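Computed from the coordinates by the stated procedures, all read-outs in this text should not be read as laboratory data. Nothing here was measured: the structure is a model prediction, and the numbers come from that model. Every residue, glycine as well, gets a Cβ built from its backbone with ideal geometry; the counts of neighbours run over all protein chains shown.
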Amino acid sequence: MVIKVGPSPPADLAAFLQPYASLVSRGQSRHAMERYTTGLLADIPRKTASDLGRGVAGTNGQRLQEFLTNTEWDSREMDRLRVQYMVAQASLGRGLQIIDDTGFAKKGTHSVGVARQYSGTLGRVDNCQVLVTSHYVDGSFDWPITARLYLPEGWTQDQVRLSAAKVPTGTSFQTKGEIALELIDAGIAAAVPTEAVLADAGYGDQPRFLDGLETRGLPYLVGVASSTRFRLAQDVEEDSGEQPAPPYQGQGRPRRARRLEDRIPSREANALLEELLQDAWHAITWREGSKGNLTKEFTRVRVYRVGRRGKPLPTAGWLIGQRPLPGQQGESKYCFAWGLDSRSLQDQVILAHNRWVIERFYQDAKGELGLDDYEGRFWTGLHRHVALVMMAHSFLSIRRNHCLPPQTDSTNGPRQFPSATSVAGFPPEGSPKFSCLKEVHP
């Protein structure tokens, strides 16, 4: 179903947006916020400001563009208020934060952050923007938390481009992992219940990102490349320790004591798991797909992370391997879990595969809500557009998960995403379900 874009929004959408009216000072700006959000939910093929202006009654592209780029309001505060509302209305009190990024293909060189860079979404190096996002999921609900544009280092070193794109003064280069840590912090500051963090190998292969999670005491389960190096925990824990250096013989450089990195060489993830016997691998089904159960073989070994140049690190966790069932085709994959020692292998596998939820968000947000349709060149406009897309997605999540009946007037109700499969494995079975909409406002 789609919204018939009349001069007024459906009553439930108007009520959903009312708490955010305080973000702007003028009635005209509040009207533009409502019209923009209504347009994102409408059956309009492209969701640029000009297209929304033509497709939504009571406004035009110039007013909507003015709201995005020149009206004074803070998209981060919109995210904070929305997330507080979603925590109260659509969470079980125990959940995960998922980190990922998505690319927007672009032409030209003027759009903020655009560069020839790798995009996992596109599957190649291309001219694009890359948006880092965080997402909440638990056993019943999922919704976006916040997002930040990644600025390539070449951008942060070019003050002319930064000024032209209206990037905030003082913005410096940050890796995607550093941005991700700030997004996680923002979620926690808004009371997002975070028992663990999930990310793919693009983040699992960033040591500083993992160090940051450990410093914060946040358990994590991340993808890693097959070439990532570890040491078997059994080897490290059975190591006899450094032996005294051999006596100096009076000639040449004195020999030093052998360090742990010399005594126990690190090894690649694929090599550690390939030597395991067949009975160490177990067939595990993590959820039911459209064509039947999703099942692979999995195993795990206890390992320690390895630092630069083989330096030993005190971080012990589980290296998890995945491979196709016998007779089936497919690639092997690897994950590393820290702070989740109480979880069985099956629980860890199910947790790891919750990452698909953020991919579904990207698909819905781009295909239905115009996440990648922003055509402006400015930092502020892009982040405001993203915040409003996340607002629209959260509204649909509230409608879907609380089974709010569509309005029976001529609007015909909002666009509905397909009902989500309940996310399996988190939180554990027996946790209370959230079943009714409470009168809670941000």
Under the span-like rule (Cα at least 18 Å along the axis, Kyte-Doolittle mean at least -0.5), DSSP H helices of the chain: 176-189, 379-401
Rounded to 5, the percent of DSSP beta bridges in the chain classed as antiparallel: 85 percent
Relative exposure of 272, 198, judged by other C-beta atoms within 10 Å (fewest first): 272, 198
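Ignoring everything except DSSP H segments at least 4 long, calculate the 222 nm mean residue ellipticity for the chain; use -39,500 (n - 2.57) per segment, divide by total residues, nearest 500. It would help to have the intermediate numbers written out before the result.
Working: 16 runs with 148 residues, N = 442.
Taking each H run of at least 4 residues, the total per residue is -9500 deg cm²/dmol.
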Within the chain, longest stretch free of exposed chymotrypsin sites (Phe, Trp or Tyr not before Pro) [DSSP loop, at most 15 other beta carbons within 10 Å]: 249-442
Ranked list, fewest to most other Cβ atoms within 10 Å of each Cβ, for 373, 100, 74: 74, 373, 100
Matching label, mean projected area of the Cα convex hull in nm² computed from the structure shown, candidates [x] 27.9; [y] 26.5; [z] 20.6: [y]
Whole-angstrom gap from segment 17-41 to segment 100-179, using each part's C-alpha centre: 26 Å
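Mind sorting 264, 184 by how few other Cβ atoms lie within 10 Å of their own Cβ, fewest first? Display every interim value, and only then the final one.
Working: 264 18, 184 25.
Ascending number of Cβ neighbours within 10 Å: 264, 184.
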